[in-house]
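Scroll down for the structure; my scribbles are underneath it.
Just so it is clear, none of the values below were taken in a lab; they were calculated from the coordinates. This is a predicted model, so every value here is computed, not measured. Note that we place each Cβ from the backbone using ideal geometry, even for glycine, and neighbour counts take in every protein chain shown.
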Amino acid sequence: MSMTSRPSDTYSPLYFLASLGAGGLSVTFFMWLMHWVPHTGRTVPVFEDITAAFASGPVLMQSMIALAMAAIAFFAFLNIRSLIWNLGRYTAWRKTEAHAKFAKTNAQSQIMALPLALGMTVNAGFILGLVFVPGLWSVIEYLFPIAIIAFLAIGIFAFRLYAEFLGRVLTEGGFNMAANNNFGQMLPAFAFAMIGVGLAAPAALSTVTATAAIGLVLSSFFFITALTIIAVALVLGVRSMLENGVGAETAPTLMILIPLFTILGILTLRQQHGLGEHFAAHSQAAGTMMMLTQLVAFQVLFALFGLFVLARQGYAKRFLFGDENSAGAYALVCPGVGFAVLMQFWVNKGLVDAGLLDKFSATYWAITAIALASQFAMVWLVFHLNRRHFGTARTAAAVPAE
């Protein structure tokens, strides 16, 4: 007798990272429009800017715009579809014995992947509106309060979920330090940072001082929350790794700081822009360049660290191409996406704005090619993981009944 099964048939809340990764890829293609399409007078390009550039631009510009728009729509669709699937499976999974056991372990904090995915979907929806909805900019000020309410609601939900985990370990104990040999406990920081960067958008884009001020205050709260969790999780994780070695299945979390600092970097850029527009606290191009340079350097350092450990453990051979499967493999998408996005900001808002690089020069494209290589590697990885975890079910030997 035989039965068919897929890795995703055994549910894990880490499958919310599949939704997150797809949403992140839609952002990487929006970076093309953000930095390569003229949008004079606006911080971000909108439908009218994009269509004007397509109508008047050369074939190369038209091809870029067409590919970017198609990719944004496709990966946003994957993001939403995966989110809906996860919400359905998660609701059913909460009623099982597997969830009851899960809620008594360190892994309980993995549930923070849910608000993280929700925050990404709201951001992806905002991008869809900018790219595909004519006239959106004329009503954008009415949408900012709605966005603030949406992100604040996700933030409250995230705190409730995190409080369940913290409340248990702080009152009952039972946190397993030996099993904390990874950076998995930074996932809550990732979720709060995602909420913070969403709340910082009105600070950067709104022309209403009150709206921008609310965005500045709320995003600062989530910024500090994320940094606090990062500091604690970093110390506890490194200590456990030095004592117990890195957990093989959780090794991808070693690079979680890469996307985290992309989000916190963008949050800071948005706040700086809002402070300049509304409170005459304009940031200097050199200061922005140095901040972005330091963040990219930080990302490269942790990429080298993470890739070294993954290679030593043979992670790819086991979990990407071998017989073993782990929902945590989707955590590998986030660092590649985060690096690609921050590289685009470093090149365009750092090096170009500081006058160190001529836009669209040979050197500009040589450096940008690094971001594009990371971006398309993650496109391949998402397709590969989706086939592996959600594709055609594989035949397996049935377990005989007792």
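Work out the charge dipole of the chain with +1 on the Cβ of Lys and Arg and -1 on the Cβ of Asp and Glu about the Cα centre, then indicate which of F165, A297, N123 is farthest towards its positive end. Value computed over the given set: F165.
Suppose R0 equals 25 Å; then what is the FRET efficiency for V232 and E164 from their Cβ-Cβ distance, rounded to the nearest 0.05?
Between V232 and E164 the formula returns 0.90.
Residues I146, I258, arranged from fewest to most other Cβ atoms within 10 angstrom of their Cβ, appear as I146, I258. Please build a GNM for the chain, connecting alpha carbons under 10 Å apart, and tell me which residue among V59, V44, V122 fluctuates the most. Among V59, V44, V122, the largest mean-square fluctuation in the Gaussian network model of the chain belongs to V59.
Seen against the Cα atoms of the chain and their longest principal axis, helix 285-313 is set at about 20 degrees.
Using the number of other C-beta atoms within 10 angstrom as an exposure proxy, rank M34, M177, M120, M291 with the fewest first. Kindly include the intermediate steps, with their values, before the conclusion.
Working: M34 21, M177 13, M120 27, M291 18.
Arranged by neighbour count, lowest to highest, M34, M177, M120, M291 become M177, M291, M34, M120.
Rounded to 0.05, the FRET efficiency of the A73 and T51 pair, given R0 = 25 Å and the Cβ-Cβ distance, is 0.95. A simple charge model with +1 on the Cβ of Lys and Arg, -1 on the Cβ of Asp and Glu and nothing else charged puts the dipole of region 129-280 at about 60 debye relative to its Cα centre.
For region 271-356, applying the loop criterion from DSSP together with a ceiling of 14 other beta carbons within 10 Å to the chymotrypsin sites (Phe, Trp or Tyr not before Pro) yields F321.
Taking a straight line from the alpha carbon of K349, these aspartates and glutamates sit under 13 Å away, with near neighbours fewer than eight places off in the same chain left out: D358. Projecting the Cα atoms of V382, F102, A73 onto the charge dipole of the chain (Cβ charges, centred on the Cα centre) puts F102 farthest toward the positive pole.
In summary, the aspartates and glutamates within cross-link reach of K317, defined as a Cα separation below 17 angstrom excluding same-chain residues under 8 places away, comprise E249. The angle between the Cα long axis of helix 113-132 and the longest principal axis of the Cα atoms of the chain comes to about 30 degrees, rounded to the nearest 10. Here r is the Cβ-Cβ distance between F221 and A281 and R0 is 22 Å; the resulting FRET efficiency, rounded to 0.05, is 0.70. In terms of other Cβ atoms within 10 Å, S283, S326 run from fewest to most in the order S283, S326.
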